[in-house]
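Only one structure is covered here, and it is reproduced in the block below.
Values quoted throughout were computed directly from the atomic coordinates according to the rules given, and no laboratory measurement underlies them. This is a predicted model, so every value here is computed, not measured. No Cβ is skipped: glycine too gets one built from the backbone with ideal geometry, and neighbour counts run over all protein chains shown.
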Amino acid sequence: MNEECIAAILSRGSVRKFKYDSVPASDVERILEAGFSAPSAGNRQPWRVVVVQNESTRSRLSRAAYDQRFIAEAPVVLVVCAVPAESAARYQERGRTLYVLQDTAALTENVLLAAHIMGYGACWVGAFDEGLVRDAVNVPDEMRPVAILPIGKPARSAPERRSRRAVSEVVISERF
């Protein structure tokens, strides 16, 4: 096991305060490449990602997320969208209602880890009005926005780490 990799995973935290520095397009592309390497059921890859840098659109997304201002302050915001029909084509209703969400969650986590490893901060935002996000970035009816990911250089040296439950509280050996 590569201890450096595990240390990077364990040191990642949500960042909600960003510097005004822009994020180079090559870094955004690399972060997305890591996201798209996520596993997906049947390799369907039922996702689309909207890259938002426009200040007005970032502000609309911030308002759509119940006025979480840090979204508007990030230089880049990714909107992860699920494409349920692409998953359902192979897995029917379970693909439409479950696998597509698992797949986009895996992509989202890969994006967060890649951003962190590259020296950026990010935050997984799931609290938002879907209709307002849909309008802000023109999400087609057959897709569903599932995550907003503001990304930028952290304004603070290290994000505040929230405590985690002990392994013994959440792991069940063999059966409940």
Completion exercise
With -39,500 (n - 2.57) per DSSP H segment of 4 or more residues and division by the full residue count of the chain, the 222 nm estimate, nearest 500 deg cm²/dmol, is -12500 deg cm²/dmol
Fill in the blank from the handout: Put in order of increasing Cβ neighbours within 10 Å, starting from the fewest, TRP47, TRP124 give TRP124, TRP47
Practice task
With only Lys, Arg, Asp and Glu charged, each at its Cβ (+1 for the first two, -1 for the last two), find how big the charge dipole of the range 14-154 is about the Cα centre; round to the nearest 20 debye.
Solution key: 200
Completion exercise
Computed curve, the chain, Cα-only Debye sum without solvent term, log₁₀ I(q)/I(0) at 0.14, 0.17, 0.20 Å⁻¹, is -0.80, -1.10, -1.34
Practice task
Please list 4-10, 38-44 highest first by mean number of surrounding beta-carbon atoms within 10 Å per residue.
Solution key: 38-44, 4-10
Fill in the blank from the handout: On the formula 1/(1 + (r/R0)^6), with r taken between the Cβ atoms of LEU98 and ARG175 and R0 of 25 Å, the FRET efficiency rounded to 0.05 is 0.65
Completion exercise
Taking 114-123, 73-82 and ranking on average Cβ neighbours within 10 Å, highest first, one gets 73-82, 114-123
Problem - Computed over the range 14-154: relative contact order in percent, which uses C-alpha pairs under 8 Å that are six or more apart - result: 37
Fill in the blank from the handout: Connecting every pair of Cα atoms under 10 Å apart in the chain and solving the GNM, the largest mean-square fluctuation among ARG164, ARG16, ARG94 falls on ARG164
